[in-house]
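The values are calculated or read from the model by the stated rules, or taken from the named source; none is laboratory data. The model shown is predicted, which means the values in this text are computed figures rather than measured ones. Counting neighbours? That spans all protein chains shown, and the Cβs are built from the backbone with ideal geometry, glycine included. Surface accessibility is based on the protein's heavy atoms, side chains included, excluding ligands, DNA and RNA. Shrake-Rupley method; radii C 1.70, N 1.55, O 1.52, S 1.80 Å.
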Amino acid sequence: DDGGKMVKSERCAIWEHYTRNGGAFWVVIDKTYDDRIVGCIGITKRLIKDDKSTSRSYEIHRLTVHPDYRGKGTGKFLLQTAEDFVQLKEYIGTTALYATTPEIMEAANSFYLAHSYEDIGSVQLGNMNIKTYRKIIVHSNE
């Protein structure tokens, strides 16, 4: 166990993966505790094409907060950072943000609902029920 640390090359590989897909990845570090990683979030761009239009959307990945730091605003800060990123990347209209999480992760499900994400359904993957949440971001630059 590295105590929550990653070597620089691993951080770069993660960043490259997310930015290659039109997104980003953020990490929150506790500088008072030997640079411990206490939370992270990734976001990637998704293009959904149909016969009528192409809609812009992003998917949230890996929103995780260390148990010792939950309830202290770290998750809210990470989620807001991802939403702000979408506001900066997209200028007009609306953009949908999606997040998925297993139904058994009650805290994660409650977290998305508390931050104005709508439960839009679930799918069964093996023995696990996976819930999908969506939030529509309305861009103010129109």
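For (1) out of contact with any strand residue (DSSP E or B) (no Cβ under 7 Å at 6 or more places or on another chain); (2) under 25 Å from residue 117 (Cα atoms); (3) at pLDDT 85 or above, each residue gets a yes or a no:
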site: 11; (1), (2), (3): yes, no, no
site: 26; (1), (2), (3): no, yes, yes
site: 41; (1), (2), (3): no, yes, yes
site: 46; (1), (2), (3): no, yes, no
site: 53; (1), (2), (3): yes, yes, no
site: 100; (1), (2), (3): no, yes, yes
Exception for residue 68 within (1) under 19 Å from residue 27 (Cβ atoms); (2) part of a loop (DSSP other than H, G, I, E, B) falls at (2)
When region 90-104 is checked residue by residue, the ones that are over 19 Å from residue 43 (Cα atoms) and either aromatic (Phe, Trp, Tyr) or in contact with a helix residue (DSSP H, G or I) (Cβ under 9 Å, 6 or more places away or on another chain) (or both) are 103
Is it true that some residue in region 55-64 is in a strand (DSSP E or B), open to solvent by 30 Å² or more (accessible area, probe 1.4 Å) and in contact with a Pro (Cβ under 8 Å, 6 or more places away or on another chain)? no
Does residue 15 qualify as being of a type outside the set (Val, Ile, Thr) and either under 11 Å from the mean Cα position of the chain (by Cα) or modelled with pLDDT of 85 or more (or both)? no
For residue 119, the lone unmet condition from (1) over 14 Å from residue 60 (Cβ atoms); (2) in a helix (DSSP H, G or I); (3) modelled with pLDDT of 95 or more is (2)
With criteria (1) modelled with pLDDT of 95 or more; (2) more than 29 Å from residue 91 (Cβ to Cβ), residue 60 comes up short on (2)
Report task. Evaluate the following for residue 117: is it open to solvent by less than 80 Å² (accessible area, probe 1.4 Å) and over 27 Å from residue 30 (Cβ atoms)? Result -> no
Contact list, first residue from region 65-90 and at negative phi and open to solvent by 70 Å² or more (accessible area, probe 1.4 Å), second anywhere and outside any helix (DSSP H, G or I) and at pLDDT below 95, beta-carbon distance below 6 Å, six or more apart or interchain, is none
Picked from region 120-142 (must be over 12 Å from residue 101 (Cα atoms) and among the small types (Gly, Ala, Ser)), the residue most open to solvent (accessible area, probe 1.4 Å) is 140
